[in-house]
Amino acid sequence: MAYSVPPLPYPYDALEPHIDKATMEFHHDKHHQAYVDKANGALEGTEWAERPVEQVLQNLDGLPADKRTAVKNNGGGHYNHSLFWESMSASGGGAPDGELASAIDTAFGSFEDFKSKLKETGVNQFGSGWSWLVHDGSGLAIVGSANQDNPISQGSTPLLGVDVWEHAYYLKYQNRRPDYIDAWWNVVLWSKVAERFAAVS
Ligand code: MN3
């Protein structure tokens, strides 16, 4: 089964005013679709074409050398964006509770410190990339990644990521990446992040 772009779990304008409708349309329908098409093209005819994208990204070294970069970039793009859409909701925002909240306090001192560090990692990512909250096997950590790289390829499990490619914010925020990240917190769906955390901890 070739990969396909999952439908957005909410209308394009659901995240207004924080993430605008036009950005969601281009980002989901054009950018994500392009990653899917190119990932499918690169994997076509290989034994990896039928595997879940997580498995492919965890085993990049096992891919034919001439496919590796295309799969890392485009399979990564597909995986990262699938995770990203599900991490947001019109009913998002606020703060996590329960075990995830405790784990964040343990790892980063406080929820506010955690937010500052995730934002700082995203703002300081040179060029395109992501800022991630991950579980690295022993606890929570924040890592940045370039392009469409994903911590899953380094053995960590991504719990939440913010897309800091210009295509994620330029229409509304132009060069103001920090303002975009500030606004993005208002749509983060903590129950989804908690679900991912419960699955690995
Ligand atoms: Mn993107």
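I'd like the chymotrypsin sites (Phe, Trp or Tyr not before Pro) in the stretch 111-148 restricted to DSSP loop residues with at most 11 other Cβ atoms within 10 Å, sorted by number. Don't jump to the answer; show the numbers that get you there.
Values: sites: Phe111, Phe114, Phe126, Trp130, Trp132; in loops: Phe126.
When the chymotrypsin sites (Phe, Trp or Tyr not before Pro) of the stretch 111-148 are filtered for loop state and at most 11 Cβ neighbours within 10 Å, Phe126 remain.
For a label point 7 Å from the Cα of Ala2 along Cα→C-beta, name the residues of the stretch 18-38 whose backbone N is under 13 Å from it.
Counting backbone N atoms under 13 Å from the label point, the list is 33-38.
Can you pick out the pairs among Lys115/Lys192; Lys119/Lys172; Lys21/Lys117; Lys30/Lys72; Lys30/Lys172 whose Cα atoms lie more than 23 Å from each other?
Lys21/Lys117
Helix 98-108 versus the longest principal axis of the chain: what angle, 0 to 90°, nearest 10, using Cα atoms?
Approximately 90 degrees, to the nearest 10.
Could you quote the convex hull projected area for the chain, Cα atoms only and averaged over all directions, in nm²?
Details: hull surface 42.5 nm².
Across all orientations, the chain yields a mean hull projection of 10.6 nm².
Could you tell me which trypsin sites (Lys or Arg not before Pro) in the stretch 83-163 are loop residues by DSSP with no more than 13 other beta carbons within 10 angstrom of their beta carbon?
Passing sites in the stretch 83-163 do not exist.
For Ser138 and Arg51, FRET efficiency with R0 = 30 Å and r from the beta-carbon atoms, rounded to 0.05?
The computed FRET efficiency comes out at 0.65.
Can you pull out the GluC sites (Glu not before Pro) in the stretch 1-76 that DSSP calls coil and that have at most 13 other Cβ atoms within 10 Å?
Details: sites: Glu25, Glu44, Glu47, Glu50, Glu54; in loops: Glu44, Glu47, Glu50.
When the GluC sites (Glu not before Pro) of the stretch 1-76 are filtered for loop state and at most 13 Cβ neighbours within 10 Å, Glu44, Glu47, Glu50 remain.
Can you bin the stretch 1-114 into rounded, prolate or oblate? Criterion: square roots of the alpha carbon gyration tensor eigenvalues sorted a ≥ b ≥ c, rounded for a/c under 1.5, prolate for a/b above b/c, oblate for the rest. Before the final figure, lay out each step's value.
Working: a/c = 2.91, a/b = 1.47, b/c = 1.98.
It comes out oblate by the Cα gyration axes.
According to the Kirkwood expression over distinct Cα-Cα pairs, how big is the hydrodynamic radius of the stretch 21-86, in Å?
Details: mean 1/r = 0.0828 Å⁻¹.
With all distinct Cα pairs of the stretch 21-86 included, I get 12.1 Å.
Hey, what's the per residue convex hull volume over the C-alpha atoms of the stretch 98-200, in cubic angstrom?
Numbers: hull volume 9.5 nm³, N = 103.
Hull volume over Cα atoms, normalised by residue count, gives 93 Å³.
Taking 0.36 nm per residue of sequence separation and subtracting the Cα-Cα distance, how much length would be gained by fully extending the chain between Asp97 and Trp185, in nm to one decimal?
So the extension gain works out to 30.2 nm.
Once the Cα atoms of helix 111-123 and of the chain are each reduced to a long axis, what angle between those two axes, in degrees from 0 to 90 to the nearest 10, is obtained?
Tilt of helix 111-123: around 40 degrees.
Every number in this text was worked out from the coordinates using simple rules, so none of it is lab data. Since the model is a prediction, treat every value here as computed from it, not as a measurement. Methodologically, a virtual Cβ is constructed for each residue, glycine included, from the backbone with ideal geometry; neighbour enumeration extends over all protein chains shown.
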